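The values are calculated or read from the model by the stated rules, or taken from the named source; none is laboratory data. Values in this document were obtained by computation on a predicted structure and should not be read as measured data. Don't worry about glycine lacking a Cβ; one is built from the backbone with ideal geometry, like all the others, and counts go over all protein chains shown.
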Amino acid sequence: MVILTCHPARLPRAAALWPMALLCVWVGLGQGCSRSPRPQEGVPFSRAGASSSPYPVIIREVAGPPEIATGLLDDKGQPVTVGCATCHSTKAPNAAARLGEPLRDFHQKLAGQHGSLSCLSCHDATDGYASLRLADGQRLPYQEVMKLCAQCHGPQYRDYLNGAHGGMIGHWDLTQGGRVRNNCIHCHDPHAPKYPTVTPAPGPRDRFLKEEGHERK
């Protein structure tokens with residue numbers, strides 16, 4: 001239960017915020033108090049407290065390994081793409097290549113900004129960059145990219161498990177229906193994941209309040 005308190009002089013402004021308060025209560029009730037189990041990409045799972053529910057939670061999969069567009073079309077008019085190994089197998093891996101620094105041989109237009117990571121911090125060069133690489137050296141398929149993100153972004157992944165992020169479509173209450181969520185890189189560019197700074201839109205306007213001092217007419 002959520003209880004809102006407010007100084008009497010601020011009651012008019014607080015009254016304009018009651019829809020947001022109700023939304024917070026609704027979301028809190030939908031989320032429950034228990035921690036959700038770890039989701040797997042593309043695999044249904046049931047949230048804590050809804051194990052008897054027939055409805056799944058689906059994490060959208062990502063395509064992988066990625067391919068590079070050549071700018072050419074085949075005889076059917078379809079774009080021609082090549083795998084990473086097509087080019088990377090012609091040169092030894094460059095362990096010194098880091099995001100944010102100019103790249104000479106491949107991906108010259110890539111202007112990444114993701115801490116001080118090198119390309120090999122996340123990409124596995126042993127198979128021609130067709131896989132990802134965890135911090136302990138374990139090879140990881142591209143479809144499991146969330147595991148890669150989670151090893152450094154623990155708080156964000158914790159929040160994801162509890163319902164934040166993910167662009168959810170579907171039901172909070174899994175006894176009423178299923179749920180579909182986005183993968184990390186559906187919304188974040190893995191090479192430059194920070195969102196641009198934006199200015200929030202003005203709050204709702206109460207037609208019964210004046211602009212100056214928020215006094216009633």
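Assorted remarks:
- Out of GLY28, GLY49, one residue alone is closer than 26 Å to CYS187 by Cα and modelled with pLDDT under 85. It is GLY28.
- Count of residues meeting criterion [of a type in the set (A, V, I, L, M, F, W, C), over 13 Å from GLY100 (Cβ atoms) and either in a loop (DSSP other than H, G, I, E, B) or touching a residue at least 60 places away in the same chain (Cβ under 8 Å) (or both)] in the range 115-135: 4
- Residue within the range 136-149 that is within 22 Å of the chain's Cα centre (by Cα), surrounded by 11 or more Cβ atoms within 10 Å (Cβ to Cβ) and part of a loop (DSSP other than H, G, I, E, B) present: yes
- Answer residue from the range 118-135, given it is of a type in the set (Ser, Thr, Tyr) and out of contact with any Phe, Trp or Tyr (no Cβ under 8 Å at 6 or more places or on another chain) and is surrounded by the fewest Cβ atoms within 10 Å (Cβ to Cβ) among those: THR126
- Leading residue by the ranking (nearest to the chain's Cα centre (by Cα)) among those in the range 151-168 that are surrounded by fewer than 17 Cβ atoms within 10 Å (Cβ to Cβ), modelled with pLDDT of 90 or more and not acidic (Asp, Glu): GLN156
- Across the range 106-117, the qualifying residues are those that are surrounded by 16 or more Cβ atoms within 10 Å (Cβ to Cβ) and over 17 Å from GLY83 (Cα atoms), and the one among them that is nearest to the chain's Cα centre (by Cα) is HIS114.
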